[in-house]
Amino acid sequence: MHMRMLHQEMGVPVKHIVKLYKNISKSTVYRHCKKGITTFRDLRVTNKGRPRKLTIREERKLIRKLFKLRKSERHFTAKRLRLSSGLMHVSHKTIQRTLNRHGFKYLQTRRKGRMSENDLKKRVKFARDIIQNYTSDIWTKKICFYLDGKSFQYKRNPCDQAKAPRAREWRRKNEGLNPDCIAKGSKVGSGGKVAHFMVAISYDRAAIVCDQYEKMNGKYFAGFVREKFRWMIENSVNPHGSYFLQDGDPSQNSKLAKTEIDKIGAVQISIPPRSPDINPIENFFNLIEQKLSADAISQKITSETFEEFSERVRKTILNYPVAHVNKIIESMNKRMKLIKQKGGKRLKY
């Protein structure tokens with residue numbers, strides 16, 4: 001740039017400029033001096049970068065396909081989105097950059113909102129009450145069973161879905177649960193057919209009940225208590241006991257359900273809100289989902305009806321090893337101590 005300004009703006013002959021730049025060859029000096037002067041402003045105007053590989057229409061198609069996949073599969077990579085949208089002439093990196101430009105990031109799937117100060121206090125109080133009022137064998141010998149309902153997502157091609165990434169999804173930052181929310185909420189992309197099961201696990205017995213249902217409400221759960229609770233207690237680790245543990249689901253804690261529970265004489269231990277980390281059956285469900293995914297891959301299940309999927313879930317739950325369930329329940333005393341130490345903060349479980 002300096003050579004060109006000396007020659008073209010100030011009129012200095014090239015032969016004099018050659019003498020100034022002794023370390024540069026004469027041909028190089030001549031070449032630079034004869035070039036036109038290009039300012040930084042000119043560079044900004046003329047250098048527009050490489051043209052985009054996706055047209056506006058293709059970008060719209062990509063976004064539409066993203067929303068469709070979120071309704072059916074929820075978890076998928078940029079490579080899968082590229083394949084599904086038929087944009088094979090570009091790389092998956094181009095797909096990622098395009099999604100980022102439209103505000104979509106590969107973010108952590110939101111499951112629970114943040115806990116309030118009141119939630120932390122309730123968790124500490126629960127742990128303190130358990131430690132002070134019960135012996136250490138409450139989890140293994142006194143609580144007859146741990147009860148909860150669980151929904152498993154059905155996919156026509158379970159093998160393919162099992163290979164999809166977990167815990168992350170393509171979404172905008174403001175989608176899903178609000179970061180400051182302290183309650184459950186609907187998550188974008190969680191659609192699809194699901195199989196609902198009411199499950200109970202007991203120490204040294206593993207799963208003792210696995211009943212499929214259509215819709216959870218107070219009427220259904222009251223009927224479930226009336227028909228199943230006595231049998232569940234008799235077939236649990238403590239056949240002469242009455243304690244059972246469940247979370248604060250409104251249907252499972254409705255007036256109808258509580259009336260039936262009182263008739264049977266069962267005593268409910270309720271965990272604090274937003275506390276899946278101190279509910280053993282939540283860990284059990286996580287292991288079941290892992291087993292279902294591993295079986296789909298190892299057995300190469302590429303096609304499955306909803307009825308076949310429901311039966312596979314039921315068998316997996318009922319046949320899960322007792323030793324693994326015992327290990328989960330035995331860790332509860334340690335969890336209570338950790339909650340007290342950490343002031344109610346969530347645990348790694």
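Cross-link pairs exceeding 32 Å between alpha carbons, from the set Lys142/Lys342; Lys34/Lys93; Lys255/Lys342; Lys163/Lys258: Lys34/Lys93; Lys255/Lys342; Lys163/Lys258. Apply the a/c threshold of 1.5 to the C-alpha gyration tensor of segment 56-103 and tell me whether it is rounded, prolate or oblate. Because its axes are fairly even, with a/c under 1.5, segment 56-103 counts as rounded.
Put +1 on the Cβ of every Lys and Arg and -1 on every Asp and Glu Cβ in the chain; which of Pro158, Met232, Val267 then has its Cα farthest towards the positive end of the dipole? The residue sitting most towards the positive pole is Pro158. Note: relative contact order over the chain, using C-alpha pairs below 8 Å and six or more positions apart, is 20 percent.
Per Stokes-Einstein, at 25 °C and 0.890 mPa s, what whole-number D in µm² s⁻¹ belongs to the chain, with the Kirkwood radius over Cα pairs as the hydrodynamic radius?
D, rounded to a whole number, is 98 µm²/s.
Taking every DSSP bridge with both residues inside the chain, close to 75 percent are antiparallel. For the pair Lys68 and Lys35, label points projected 7 Å from Cα toward Cβ lie 4.9 nm apart.
How large is the charge dipole for the chain, taken about the Cα centre, if only the Cβ atoms of Lys, Arg (+1) and Asp, Glu (-1) carry charge, to the nearest 20 debye?
3080
The sum of -39500 (n - 2.57) across all DSSP H runs of n ≥ 4, divided by the residue count of the chain, sets its helix-only mean residue ellipticity at 222 nm to -14000 deg cm²/dmol.
Annotation: extensible slack from Glu117 through Asp249 equals 45.4 nm (criterion: 0.36 nm per residue apart, minus Cα-Cα distance). For each pair in Lys125/Lys337; Lys150/Lys291; Lys79/Lys105; Lys141/Lys340; Lys125/Lys340; Lys193/Lys300, compute the distance between the two Cα atoms and list the pairs where it is over 19 Å. In this structure, Lys141/Lys340; Lys193/Lys300 exceed 19 Å between Cα atoms. Under the combined filter of DSSP loop state and at most 13 neighbouring Cβ atoms within 10 Å, segment 220-308 retains these trypsin sites (Lys or Arg not before Pro): Lys300.
Remark: Cys144, Cys210 ranked as Cys210, Cys144, counting other beta-carbon atoms within 10 Å and listing the fewest first.
Read the figures in this text as sums done on the coordinates, not as results from a lab. Here the structure is a predicted model, which means the values were calculated and not measured. As a convention, Cβ positions derive from the backbone with ideal geometry for all residues, glycine included, and neighbour counts pool all protein chains shown.
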